Every structure is written in structure tokens, then in C-alpha cells.
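Engineer: Have a look at this one before I ask anything.
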Amino acid sequence: MPSRRHFLSSLLALPFGFGACAQTAPLPPTSWPPPDAPAAGPLPPAVAQALQQANLPPQALAVLVQDLQGNTTRLSLNAAAPMNPASVMKLATTAAALDLLGPAWSWRTPVWVQGSVERGRLRGSVVIQGRGDPKLTQERLYLLMRRLRAWGIDEIDGDFVLDRSAFEPAAGAPGDFDGEALRPYNVLPDALLLNLRALTLSFMPDAARGVARVGLEPPLDGVQLDTRVPLSNGPCGDWRGTLKADFNDPARLHLAGRYPLSCGERFWPVAYADPAAFDARLLQALWQEAGGRLRGGVREGRAPGDAAPTFELGSPPLAEVVRDINKFSNNVMAQQLFLTLALEQQGLGSTAGARTVLSGWLQRRLGAAAVDGAVIDNGSGLSRQTRLSAALLGRLLQAAWAAPWMPEFMASLPIQGLDGTLRRWAGEPGRAHLKTGSLRDVSAVAGYVLGRSGRRHALVALVNHPQAAAARPVLDALLQWTLED
């Protein structure tokens, strides 16, 4: 079976709360040029050449490069144009959260033990109220079960009652965005999101027996799995395709193909085919794994409004969650945070409320002119409607650089050539902290670059074009030019 650490990493590396909020000091005003400032000179030759070779017109590219120490613009092209930023949108969501909530803030998930415990039997139910925590992972849910066992509970006569009312119900279905309902990045947000509503299959070759052993995390009650598949001697290549997997049956994960020995150990994260049944299967399995028995079932309900919770399950601090969101570009975690902003500021985690909170924060921090033309959708960038300008993102990076929470924000960004979504980027490792974004027709990058002079720069580059997938050399050339200051 995969280690807990490998399991969580595979979930985060996807393809693509009670109490007062900690308030941070107001951000100082920036000295950026206005959004409609003229271009600061022509494109560097290497960038222009890469753009031409990729068959991309100049109007498909928006660029802003700013010297953070001198507040001078080194390069600006189409910076005021609203463009789809893809996952670079997460910079706005996470920056607002760090400012409004504070890096040390955490989610609280209240739990009520209702009824009396007699000789190990709870004559009542356990109520769990979701407050948006995006890291209610298998490990932390198992700790919840251990807390219940520590209360002397061996058997529950009643039910696990789940309260999801803190968030407005998500509209649509997981496959609405691109038809890929089993991709973990399409999981919908939920006030009580257990284990990101996703599974991870592990494949461990056993050459002596000619099979690959298959593990599943987390366990799901009543779900069968083919625990071994024959090995093949071919190249690793499209190893998922050669497995001929069928994950559409919620009661069985079937593998009809073979696993290439040359692949070594691999992990495959997938979303569960029946999201509505996921929580019940997971809680029943974890409770049984903890040695407990459940006479009732798992059902929806409301937490008691007139009683303090028996205990609360606290999340890791916000700074750690923001790091997971940006390093691994986790869409559902970003949407959980987005809705949490509305929950904490307005009392209900609604999409409309979250848009109001985030747009209001951007206007206060960056100025009304900077957000002109901006369109905020779901806070993650997994959207065709989102629009931000390079000028807005540049102002955001400048404001974050001067903020008290700058260390946590910058540390959340992938490091060039070393980790997260920048692990495979070429160039000198470690000199850039950049958030990447990609969708069909979109390629984007934004963050901080340490020039060879020792000066730090903000870099924003957005490409919106049907040939955006070919823009990687353009982004590489911009990064290299920024580095060679």
C-alpha cells in the first residue's frame, strides 16, 4: 500500500471555522503606472522570435515586467487587456485570503456526540458540521475516528449526521467543464469535503510473480478493486491506457489490461464515480478500520444550534493550505478557500458572495482602475469566463511583496526547476517563484524572478490564442530575459 505521504502528494499533484479572523495591516499604496500605460519598449529579440516561431500574433500576448525595488517598468505589452489567466487566478484568491484571514488562521470542523455512552455504546448520533476545510484528508478523518474511540465509543446506535449548510450547494456536475467527470480537478466544492472526494490507486510491480499489486487509498466500504494485474515488458509510455481501466461502476474499480514493469511504482488519482455516496462509504470504512461499529448509517442533517460542540477538528494553518493550492495548482482547494472568504465575511459560502468579497478586496488594495474589465468566476481559474489583466496581476504581485504576509505568499509559489508545477522548467533552478496556468487556448505565468543583479522582478505573461499550447518557448524566453537584467 502507498505511504500516507505519497497518497496525499498524489492527490495534490493534479493535472492541471469559528472565531474572529486575524487581521493584517493595510497594504501600502503602490507606485505602479496606470493600467493603460504605454509599452516600455519593444519585445526583446529572443521573445519576438519565439512568438513568431510559435505562429502567435503580438496581440495574443500580454506582458508586464516590473523591478520591485525601483518600481520601474522594464517591459509592458497589452498589459491593460483583460485576458483569461487560467490557474494564475489562484494568486488573487490566496493573496486575499492571507490578507483577510491571516497566515495562521485555520478552519474548525465541529463535532457533536449526541446521546449517552453506556458500556461503549453511544445511544445517539455523531454530527459533523463542515465549515469548508479543504484538508479533511484520510489522515485527519482517521484522527477524528480515534477521538470518538477515546470518548469510549465502540458502537454507534444512531448515524453519522453531516451538516453541509455552511456552503451554498454547488451548481452543475463534475464533468460540466470539459466532460472529464473522473478527473480530480473537476471535483465540486462542498462545505464538508472529505478527502477531496478522490481516490488514489497505487501500482507496485512484483516481477517474481509477474504481477503488479494494486492498492487503494482511502478505503471505501463496499467497493471492490482488482488488487493485481499482469505485468508487461513494454515501455512505460501510456501506462494508464494499457491498464484498460473502468472506474464508472461505483461498486467496482476494474482493470482489464496490463501494467508495464518498466514503470516501477506509480500512483493514479481519480475522482469517485458517485460523489453523493463517497462520504458514507469513506466514513463507514474508516470507522470500521478504527475498530468501531455503526448500527445506523450516514445521512444529511443540521448541527444543533443551541449546544457547544463536543470537540473540534482543526486544519493546518492557512499558510500551509495556500502552499498546497499554489504549488500543485489544486482547483478544488482553491474553490474551497474562495467560498470560505464569503463564509467568514458574510456568513454563507456562496459563489456570489465570494465574488463580491474578492472583487472588493482587489479594489481596496489595488485601486478601482486596476480591476476595470476584470471578471471573477470561481477563484480557481478553472473557468472560461475569468478575466484579469497583466496590469492587475502585476499590481497584485507588487502589493504582496510589500505585505506582512509576503514570506508565506512567495513561499507558496512553485520554484523553477525544483518543485510543484515548475519542477520540469528549464533554466537555472531556484531563481524564480512562479505560478503557472494552462487551459485550452490559454498559457500563463506570473510571479517573482531574482535577476543576476540581485534585484527582484515581478513577471506576468498571459497568452490567449488557439495556439497557446505552443507558447512555452515564449514564456521561457521572457523568463530568461527577466533573469538577465
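Engineer: Local charge sum around residue 365 (other residues, Cβ-Cβ under 11 Å, Lys/Arg +1, Asp/Glu -1)?
Structural biologist: Details: positive: 364, 395; negative: 99.
Around residue 365, the surrounding residues sum to +1.
Engineer: Now a separate question. Using only C-alpha atoms and all pairs of different ones, pull out the Kirkwood radius for the chain in Å with one decimal. Walk me through the intermediate numbers first.
Structural biologist: On the way: mean 1/r = 0.0418 Å⁻¹.
Every distinct Cα pair counted, the radius reaches 23.9 Å.
Engineer: Once neighbouring chains are kept in place and the probe is 1.4 Å, which whole percent of the accessible area of segment 107-315 is contributed by carbon and sulfur? Intermediate results must be reported in sequence, preceding the final value.
Structural biologist: Working: 4070 of 8840 Å².
Carbon-and-sulfur percentage of accessible area, whole number: 46.
Engineer: Taking +1 at the Cβ of each Lys and Arg and -1 at the Cβ of each Asp and Glu, which of 310, 276, 239 sits farthest along the dipole of the chain towards its positive end, judged by Cα position relative to the Cα centre?
Structural biologist: Result: 239, furthest along the dipole toward the positive end.
Engineer: As a test of understanding, state the convex hull volume per residue of segment 225-278 from its alpha carbons, in Å³. Before the final figure, lay out each step's value.
Structural biologist: Values: hull volume 4.2 nm³, N = 54.
Looking at segment 225-278, the number lands at 79 Å³ per residue.
Engineer: At what distance in angstrom do the alpha carbon centres of segment 295-317 and segment 153-193 lie from each other?
Structural biologist: 16
Engineer: Quick check on the chain: helices-only [θ] at 222 nm, where DSSP H runs of length 4 and up contribute -39,500 (n - 2.57) each and the sum goes over total residues. Nearest 500, please.
Structural biologist: Numbers: 12 runs with 134 residues, N = 485.
So the helix-based figure for the chain works out to -8500 deg cm²/dmol.
Engineer: When you take every Cα atom in segment 109-168, what is the radius of gyration, and what is Dmax, the widest Cα pair distance, in Å?
Structural biologist: 12.2, 40
Engineer: To continue, here is another question. Take every DSSP beta bridge whose two residues both sit in segment 107-315, then give the antiparallel share in percent to the nearest 5.
Structural biologist: Details: 28 of 44 bridges.
Of those bridges, close to 65 percent are antiparallel.
Engineer: Can I ask one more? Treating the beta-carbon of each Lys and Arg as +1 and of each Asp and Glu as -1, no other charges, what is the dipole magnitude of segment 107-315 about its Cα centre, to the nearest 20 debye?
Structural biologist: 560
Engineer: Report, please, the projected area of segment 388-444 averaged over directions, based on the convex hull of its C-alpha atoms, in nm². Each step should come with its number before you reach the end.
Structural biologist: Working: hull surface 18.5 nm².
Projected over every direction and averaged, the Cα hull of segment 388-444 covers 4.6 nm².
Engineer: Further question: Quick check: pseudo-label points 7 Å beyond the Cα along Cα→Cβ at residue 213 and residue 452, how many nm apart are they?
Structural biologist: That separation, rounded to one decimal, is 5.2 nm.
Engineer: While we're here: Report the trypsin sites (Lys or Arg not before Pro) located in segment 444-474 that are in a DSSP loop and have at most 12 other Cβ atoms inside 10 Å of their Cβ, or state none. Intermediate results must be reported in sequence, preceding the final value.
Structural biologist: Values: sites: 452, 455, 456; in loops: 452, 455.
Passing sites in segment 444-474 are 452.
Engineer: When only C-alpha pairs under 8 Å and at least 6 residues apart count, what is the relative contact order of segment 107-315, in percent?
Structural biologist: Working: 443 pairs, mean separation 60.1, N = 209.
Rounded, it is 29 percent for segment 107-315.
Engineer: Further question: Output ³J(HN,Hα) for segment 389-395: one whole-Hz value per residue in order, computed from phi by the Karplus curve 6.51 cos²θ - 1.76 cosθ + 1.60 with θ = phi - 60°, and x for Gly and Pro.
Structural biologist: Result, rounded to whole Hz: 9, 4, 5, 4, 5, x, 4.
Engineer: Please compute the alpha carbon radius of gyration of segment 107-315, then divide it by the globular-protein estimate 2.2 N^0.38 Å. Two decimals is fine. Working shown, then result.
Structural biologist: Details: Rg = 19.3 Å, N = 209, 2.2 N^0.38 = 16.8 Å.
In units of the globular-protein estimate, segment 107-315 measures up at 1.15.
Engineer: List the relative contact order of segment 133-247 as a percent without decimals, with contacts defined as Cα pairs under 8 Å and 6+ residues apart. Walk me through the numbers before you get to the answer.
Structural biologist: Details: 96 pairs, mean separation 23.3, N = 115.
Reported relative contact order: 20 percent.
Engineer: Could you order the peptides 339-346, 458-465, 206-213, 225-232 from most to least packed, using the average number of other C-beta atoms within 10 Å per residue?
Structural biologist: Values: 339-346: 23.1, 458-465: 26.8, 206-213: 13.9, 225-232: 16.2.
Output ranking for 339-346, 458-465, 206-213, 225-232: 458-465, 339-346, 225-232, 206-213.
Engineer: So what's the net charge close to residue 464: Lys and Arg +1, Asp and Glu -1, counting the other residues with Cβ under 14 Å from its Cβ?
Structural biologist: Details: positive: 384, 387, 440; negative: 441.
Within the 14 Å Cβ shell, the charges total +2.
Engineer: Label point 7 Å out from residue 68 along Cα-to-Cβ: which residues of segment 92-120 have amide N under 20 Å?
Structural biologist: 92-100, 102-104
Engineer: Next up: Normalised by the number of residues in segment 233-341, what is the relative contact order in percent for Cα pairs under 8 Å and 6+ residues apart? The partial results should precede the final answer.
Structural biologist: Values: 59 pairs, mean separation 16.9, N = 109.
Worked out over segment 233-341, it gives 15 percent.
Engineer: A follow-up question, please. Roughly what would the spin-label model give for residue 119 and residue 385, points 7 Å off Cα along C-beta, in nm?
Structural biologist: 5.9
Engineer: How much net charge surrounds residue 103 when only the other residues with a Cβ under 12 Å from the Cβ of residue 103 are counted, with Lys and Arg +1 and Asp and Glu -1?
Structural biologist: Numbers: positive: 323; negative: 99, 320, 408.
For residues surrounding residue 103, the net value is -2.
Engineer: At residue 149 and residue 46, where each label point lies 7 Å from the Cα along Cα→Cβ, what is the point-to-point distance in nanometres?
Structural biologist: For residue 149 paired with residue 46, the spin-label model returns 5.8 nm.
Engineer: For the peptides 315-324, 172-181, 268-277, what is the packing order when you average, over each peptide's residues, the other Cβ atoms within 10 Å and list the highest mean first? Present the calculation step by step, with values, prior to reporting the outcome.
Structural biologist: Numbers: 315-324: 20.8, 172-181: 13.5, 268-277: 18.2.
Packing order, densest peptide first, comes out as 315-324, 268-277, 172-181.
Engineer: Keeping every protein chain present and rolling a 1.4 Å probe, give me the accessible area per residue for the chain in Å².
Structural biologist: Accessible surface, normalised per residue, equals 39 Å².
The values are calculated or read from the model by the stated rules, or taken from the named source; none is laboratory data. Keep in mind it's a predicted model, so treat the numbers as computed, not measured. As a convention, Cβ positions derive from the backbone with ideal geometry for all residues, glycine included, and neighbour counts pool all protein chains shown. We work out accessible area using only protein heavy atoms, side chains counted, and drop any ligands, DNA or RNA first. Shrake-Rupley method; radii C 1.70, N 1.55, O 1.52, S 1.80 Å.
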